[in-house]
Amino acid sequence: MPRISHRIGSIAESATLKVDGKAKALQAAGKPVISYAAGEPDFPTPQHIVEAAVLAARDPKNHRYTPAVGLPELREAIAHKTKIDSGTEVTAAQVVVTNGGKQAVYQAFATLLDPEDEVLMPTPFWTTYPEAIHLAGGVPVEVFAGADQNYLVTVDQLEAARTSRTKVLLFVSPSNPTGAVYSREEVEAIGRWAYEHGLWIITDEIYQNLTYDGLKAYSITEVVPELADRTIMVNGVAKSYAMTGWRLGWMVGPLDAMKAAANLQSHLSSNVSNISQRAAIAALTGPQDEVLAMRDAFNRRRLIAVDELNKIPGWVAPTPQGAFYVYSDVTGLLGKQWGGKTINTSLELCDYMLDAAEVALVPGEAFGPSGYVRLSYALGDAQLVEGIQRLQKLFS
């Protein structure tokens with residue numbers, strides 16, 4: 001008998017964390033590596049949030065177990081945010097607070113999927129989605145849209161991939177890794193199609209407050225309200241509030257689905273850290289000026305990154321409309337001699353960039369087909385420019 005279960009043994013390590021870990025190890029060894037791998041803001045968590053956590057840590061009531069689904073005050077705050085930002089009226093009873101967005105993603109799939117149920121997964125995808133689907137017993141079905149489509153899938157593509165086993169559509173806008181944002185018309189077309197075919201929707205809205213150029217990230221339940229009874233929304237404080245390390249996410253959905261997810265969580269992890277929950281209450285109900293300032297900084301970096309990357313011959317960097325990533329088509333650099341050998345994949349290209357220029361990016365293989373690379377511009381302006389200038393010299 002195998003020592004490790006097939007189910008767990010088949011899980012791939014997170015590619016983004018792997019690249020970031022390698023970059024940090026090189027930095028710790030004294031190498032001047034600039035890493036664009038991690039998907040986390042470089043800003044500190046706003047001070048009023050930290051202060052709320054300090055006060056919470058001193059209060060003995062937070063030293064005890066609390067409801068597995070989350071503190072009542074936080075669930076109310078999340079319901080209010082869902083109404084304001086997602087345009088969807090929900091009650092606190094429809095909210096389950098989780099240990100970060102990743103737990104919410106896994107629990108959403110585990111709640112809905114039986115063995116061999118299929119999930120339509122627009123590609124490029126966040127590296128965790130297919131692993132979470134596999135863990136839940138489901139089958140991810142990739143639906144690819146490249147740079148020529150601004151990384152946005154169409155109803156025709158989704159319909160071509162739908163089978164009698166299709167149960168769930170994964171919908172992500174803004175997208176990780178591409179930064180693509182669907183228009184209201186595109187959201188409505190996809191939502192109406194999903195409703196017509198009786199599909200469930202799992203929509204990851206973790207980047208909904210990070211959009212640019214006056215765009216809004218429309219929730220599918222806001223545009224097609226009929227889908228509210230068949231939609232699970234995943235969100236959290238990590239990205240907008242620079243709280244990646246606090247591990248605080250949530251899921252919102254129909255009462256029966258949330259009851260099932262709550263039952264799973266009651267055995268899986270019980271309640272999320274009360275200190276993080278109190279901090280999240282402060283984040284959602286407190287001043288938002290620092291959040292807006294961070295978004296302005298991301299916007300500035302976004303424009304700089306796209307402008308500088310497109311100066312590299314053969315490098316195509318579409319302008320992202322959300323999140324804090326540039327997803328570039330680098331097929332123009334492949335099949336050529338670099339560093340004395342022919343490089344044919346984006347994985348090989350990223351290895352070459354790390355070795356020759358000490359710049360870390362995540363290869364497209366982590367998110368779907370080869371030929372692409374993801375750059376996070378959630379780092380300081382000076383490092384952002386210096387790293388890209390290294391690449392300009394490397395490929396000049």
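The values are calculated or read from the model by the stated rules, or taken from the named source; none is laboratory data. In this text the structure is predicted, and so the values were computed from the model without any measurement. Methodologically, a virtual Cβ is constructed for each residue, glycine included, from the backbone with ideal geometry; neighbour enumeration extends over all protein chains shown.
Looking at Ser328, Ser269, just one residue is over 20 Å from Phe367 (Cβ atoms) and hydroxyl-bearing (Ser, Thr, Tyr), and that residue is Ser269. Looking at the range 97-118, is at least one residue in a strand (DSSP E or B), touching a residue at least 12 places away in the same chain (Cβ under 8 Å) and either in contact with a His (Cβ under 7 Å, 6 or more places away or on another chain) or buried (at least 24 other Cβ atoms within 10 Å of the Cβ) (or both)? Checked against the condition, which is being in a strand (DSSP E or B), touching a residue at least 12 places away in the same chain (Cβ under 8 Å) and either in contact with a His (Cβ under 7 Å, 6 or more places away or on another chain) or buried (at least 24 other Cβ atoms within 10 Å of the Cβ) (or both), the range 97-118 yields at least one hit.
Flag not set for Leu135, criterion: closer than 26 Å to Leu284 by Cα, touching a Lys or Arg at 6+ places or on another chain (Cβ under 8 Å) and surrounded by fewer than 20 Cβ atoms within 10 Å (Cβ to Cβ). Summed over the range 248-289, the residues that are of a type in the set (A, V, I, L, M, F, W, C) and farther than 21 Å from Asn209 by Cβ give a count of 9. Could you list, in sequence order, all residues of the range 6-38 that are without any contact (Cβ under 8 Å) to a residue 40 or more places away in the chain and surrounded by 10 or more Cβ atoms within 10 Å (Cβ to Cβ)? Glu13, Leu17, Lys18, Gly21, Lys24, Ala25, Gln27 - these are the residues of the range 6-38 that are without any contact (Cβ under 8 Å) to a residue 40 or more places away in the chain and surrounded by 10 or more Cβ atoms within 10 Å (Cβ to Cβ). Contact map, the range 214-230: residues that are modelled with pLDDT of 95 or more paired with residues that are charged (D, E, K, R) and crowded, with 19+ Cβ neighbours inside 10 Å, Cβ distance under 9 Å, separation 6+ or inter-chain. Pairs shown: Ala217/Glu205; Ser219/Glu205.
Matching residues to (1) out of contact with any helix residue (DSSP H, G or I) (no Cβ under 9 Å at 6 or more places or on another chain); (2) assigned by TED's automatic domain parsing to the domain that holds Ile281; (3) part of a helix (DSSP H, G or I):
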| residue | (1), (2), (3) |
| --- | --- |
| Val19 | no, no, yes |
| Gln27 | yes, no, yes |
| Gly39 | no, no, no |
| Ala52 | no, yes, yes |
| Ala56 | no, yes, yes |
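The condition (being more than 28 Å from His6 (Cα to Cα) and not in a helix (DSSP H, G or I)) is satisfied by just one residue among Glu89, Glu76: Glu89. The listed residues are Gly249, Gly179, Gly245, and the only one of them that is in contact with a Gly (Cβ under 9 Å, 6 or more places away or on another chain), within 24 Å of Asn62 (Cβ to Cβ) and either free of Cβ contacts under 8 Å to residues at least 40 places away in the same chain or in the same structural domain as Pro130 (by TED's automatic domain parsing) (or both) turns out to be Gly249.
Looking only at residues in the range 347-396 that are of a type in the set (D, E, K, R) and touching a residue at least 60 places away in the same chain (Cβ under 8 Å), which one is farthest from Glu40 (Cα to Cα)?
So the residue we want is Arg390.
All of Pro46, Pro67, Pro72 fail the test of being surrounded by 18 or more Cβ atoms within 10 Å (Cβ to Cβ) and more than 24 Å from Glu222 (Cα to Cα), apart from Pro46. The range 243-348 holds strands (runs of 3 or more DSSP E) entirely within its bounds, and those carrying 1 or more residues that are exposed (fewer than 15 other Cβ atoms within 10 Å of the Cβ) and at pLDDT below 95 map to 341-343.
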